[in-house]
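Working notes, beginning with the structure itself.
The values are calculated or read from the model by the stated rules, or taken from the named source; none is laboratory data. Model, not experiment: these values are computed from the prediction. Cβ coordinates were reconstructed from backbone atoms using ideal geometry, including for glycine residues, and neighbour counts include every protein chain displayed. Protein only, heavy atoms only, side chains kept; ligands, DNA and RNA dropped before computing areas. Shrake-Rupley method; radii C 1.70, N 1.55, O 1.52, S 1.80 Å.
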Amino acid sequence: MKTYGQFCPAAKAAELFCERWTALIVREMWVGSTRFSEIHRGVPLMSPTLLSKRLKELEAEGIVERRREEGERGYRYHLTAAGIEFVPLVDALGRWGQRWSRRELAESEVDLGLLLWWIEQHAQAEAFGTGRSVVRLEFTDQTQGKRLWWFINEHGDCQMCVHDPGFEVDLYVTCTLPDMIHLVRGDITVERAIDADRLEVIGPKKLARHLGRWLEISPWSKIEPARREPAVRAE
């Protein structure tokens, strides 16, 4: 870990927090990821070796603690009291980014795996009611093997399936991958996306009207941008 060579407390904190990937690791743990594999799915461009090294560094600094849960193999990672105090900084970064850095997505930011992980981990499964509901998501701009995905919402949990789970589909949702990222990020609402022919939703109206709530997976999605960017216009 590089140092600034200063005794200033801000410099010492920046050595930890501003190290590349650290803020995203804290973000993943803040939103509920505790297993190594879960944290890694949230930072897919980070190599497992580097993630392991960074977690060990954060553990040595008292930011993260590793626990072995009873009856489970392996360890789970948790933020310590010191790590939890970093959460407002991550939240502030997210709020600033949502307000000021919105723009059209770069090609490298259109990440199918990360989007699917965020939906599975953070979708508001109870948005459609207490019973089981199935959402089939189709990306019209993806190849055959990456085009269809199923999400089962039940008991307050959302589970993604890569193959048809065999249950009746309640909502058929169709759009491009970038448009779904814009929806999840809060750049455009479900209603505006439908009006602009960027989103198709087929299913009972009583369920379709809750799709926007189901997709509220970003803690910053409702923050209004400081300026309107092309990302929210029809493409």
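Per residue, the solvent-accessible area of the chain (1.4 Å probe, heavy atoms of protein chains only, all protein chains present) comes to 57 Å². With a Förster radius of 35 Å applied to the C-beta separation of LEU89 and SER37, the computed FRET efficiency comes to 0.85. Centre-to-centre separation between the Cα atoms of segment 132-209 and those of segment 60-117: 24 Å. Among the listed values (1) 60, 49, 31; (2) 55, 46, 34; (3) 66, 64, 30, the one computed from these coordinates for Cα extents along the principal axes in Å is (1). Beta bridges assigned by DSSP with both partners in the chain are antiparallel in approximately 80 percent of cases.
For segment 36-158, dividing the convex hull volume of the Cα atoms by the residue count gives 184 Å³ per residue.
Structural descriptor for the chain: relative contact order 17 percent, calculated from alpha carbon pairs under 8 angstrom and at least 6 residues apart. By accessible area, using a 1.4 Å probe on protein heavy atoms only, the chain has 52% of its surface on carbon and sulfur. Angle, helix 87-100 long axis vs. longest principal axis of the chain, Cα atoms, 0 to 90°, nearest 10? It works out to around 50 degrees.
Mean residue ellipticity at 222 nm, helices only, the chain: -10500 deg cm²/dmol; runs of at least 4 DSSP H residues each add -39,500 (n - 2.57), and the sum is divided by the number of residues. Listed by chain and number, the lysines whose C-alpha is less than 16 Å from the C-alpha of LYS56, apart from same-chain residues fewer than 8 away, are LYS2.
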